[in-house]
Number of protein chains: 2
Amino acid sequence: MKLLDELKFNSQGLIPAIIQDLRTGEVLMMAWMNREAVEKTLCTGRTYFWSRSRRKLWMKGEKSGHYQLVKEIRVDCDGDSLLIKVNQIKAACHTGYKSCFFKKVTEKGDLKIVGKKIFNPEKIYK
Amino acid sequence: MKLLDELKFNSQGLIPAIIQDLRTGEVLMMAWMNREAVEKTLCTGRTYFWSRSRRKLWMKGEKSGHYQLVKEIRVDCDGDSLLIKVNQIKAACHTGYKSCFFKKVTEKGDLKIVGKKIFNPEKIYK
């Protein structure tokens with residue numbers, strides 16, 4: 001069974017992809033892929049996603065240089081989500097943090113920023 | 001800022017939740033939460049999800065006893081996905097594997113089962 005035969009895309013033709021740092025196990029981000037994004041990710045070894053807001057295919061790092069080098073791809077039991085283990089160049093989040101999941105719920109239910117900024121997004125995304 | 005004020009639910013009122021094993025860092029599953037599922041997860045310290053196929057709220061482990069004890073909740077930069085770190089009782093996947101992501105893409109592009117079965121689903125889900 002090939003990956004693309006196994007995948008169930010949703011009614012918009014998309015599947016969620018969880019991106020995890022291979023070395024640390026940190027979950028870096030979640031984004032959406034269409035069939036073409038999956039194919040390009042498989043072929044090139046870099047992650048491609050479908051931007052729902054911009055309605056276009058994009059490669060992670062195309063502006064920032066913060067590529068994700070694909071090391072392992074997994075699919076879940078239902079074939080409706082992907083887990084992709086990568087070596088992340090610098091940082092995954094466009095806000096400057098390593099991971100997009102840098103806000104943690106405290107015991108009081110508030111949100112607290114954890115982790116530190118690795119780059120200044122104003123310098124990268126002009 | 002409280003978690004529920006920060007979250008952006010999609011047009012069906014849902015948000016994806018990535019479930020990660022706190023101790024090992026293994027990504028266990030991805031499932032969907034509506035507002036009530038998030039509230040119940042926050043209040044009870046166990047994970048609740050919205051089943052899109054059965055159109056009902058369910059608690060992970062309600063049939064199997066394989067609960068997820070919530071240890072940390074994170075939200076991403078855009079507020080449109082959750083990362084929940086848990087202590088997983090026994091296994092997360094209804095097929096008997098620890099993680100739902102037990103199928104790996106090989107170098108040839110085929111799928112290979114990695115990980116081993118922890119329980120027999122026929123005995124648990126009668």
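General observations
- Relative contact order for chain A, counting Cα pairs under 8 Å that sit 6 or more residues apart, in percent: 22
- Overall shape of the range B:15-126 was characterised from the C-alpha gyration tensor. The equivalent ellipsoid obtained from it has semi-axes of 23, 18, 14 Å, in decreasing order.
- Whole-angstrom gap from the range B:70-125 to the range A:1-62, using each part's C-alpha centre: 18
- Nearest-first distances (nm) between copies at B:Q12, label 7 Å from Cα via Cβ: 1.2
- Here is how far apart the A:S53 label points are across copies: 3.3 nm, shortest first, using a point 7 Å from Cα toward Cβ.
- Nearest 10 degrees, 0 to 90: helix B:35-44 Cα axis against chain B principal axis: 80
- For the range A:1-74, fraction of C-alpha pairs farther apart than 21 Å, in %: 22
- Prolate/oblate/rounded label for the range A:67-126 (Cα gyration tensor, a/c 1.5): oblate
- Chain B's nearest residue to the axis relating it to A, judged by Cβ and reported with the distance in whole Å, is B:G25, 1.
- The protein assembly as shown - Rg (one decimal) and Dmax (whole number), Cα, Å: 17.6, 58
- Cβ-vector label at 7 Å, B:I113, separations to other copies in nm: 4.6
All of the numbers you see were taken from the coordinates with simple rules; none came from a lab. Here the structure is a predicted model, which means the values were calculated and not measured. Reconstructed Cβ throughout: ideal geometry from the backbone, glycine too, with neighbour counts over all protein chains shown.
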